[in-house]
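Chemist: Sending over a structure as structure tokens; questions will come in a sec.
The values are calculated or read from the model by the stated rules, or taken from the named source; none is laboratory data. Every value quoted in this text rests on a predicted model; they were computed, and no experiment measured them. All Cβ positions, even for glycine, are placed from backbone atoms using ideal geometry, and neighbour counts span all protein chains on display. Heads up: the accessible areas ignore ligands, DNA and RNA and are worked out on the full protein's heavy atoms, side chains in. Shrake-Rupley method; radii C 1.70, N 1.55, O 1.52, S 1.80 Å.
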Amino acid sequence: PPPSPSRQLAEARGRLRAAEEALAAKQELIDKLKAEAEQHRARLETIPVLQAQADIYKADFAAERAAREQLHAQREALQDALAQMRLRLEAEGA
């Protein structure tokens, strides 16, 4: 005997509920994957910015180092010139 209409309706409702649950689970997974993809995209967009900042800091550091080395060389040259002047003055005074 074929199943009764109420039995068919109950089975159809059961299949519908299962399909809705499966759809909701799939949608949750899709939302989660979209969120993860957005996080990865944001990280990938951040990397070039951080690299540019690091390059700027590196260039600034190199420029400061070069300026310090130049000032040190000038200081040494001035100290040498001062020492020579002292020797000349001592020689003239003697």
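Chemist: Once Lys and Arg get +1 and Asp and Glu get -1 on their Cβ, which of L87, P1, A52 lies farthest toward the positive end of the dipole of the chain?
Modeler: In the chain, that residue is P1.
Chemist: Also: Run the dipole for the chain about the Cα centre, Lys and Arg Cβ at +1, Asp and Glu Cβ at -1, nothing else charged, and hand back the magnitude in debye, nearest 20.
Modeler: Working: 15 positive and 16 negative charges, 151 e Å.
It works out to roughly 720 debye.
Chemist: In whole percent, and with a 1.4 Å probe on the protein chains, what portion of the accessible area of segment 4-94 is carbon and sulfur?
Modeler: 60 percent
Chemist: A further question on this structure: Keeping every protein chain present and rolling a 1.4 Å probe, give me the accessible area per residue for the chain in Å².
Modeler: Computed with neighbouring chains in place, this is 93 Å² per residue.
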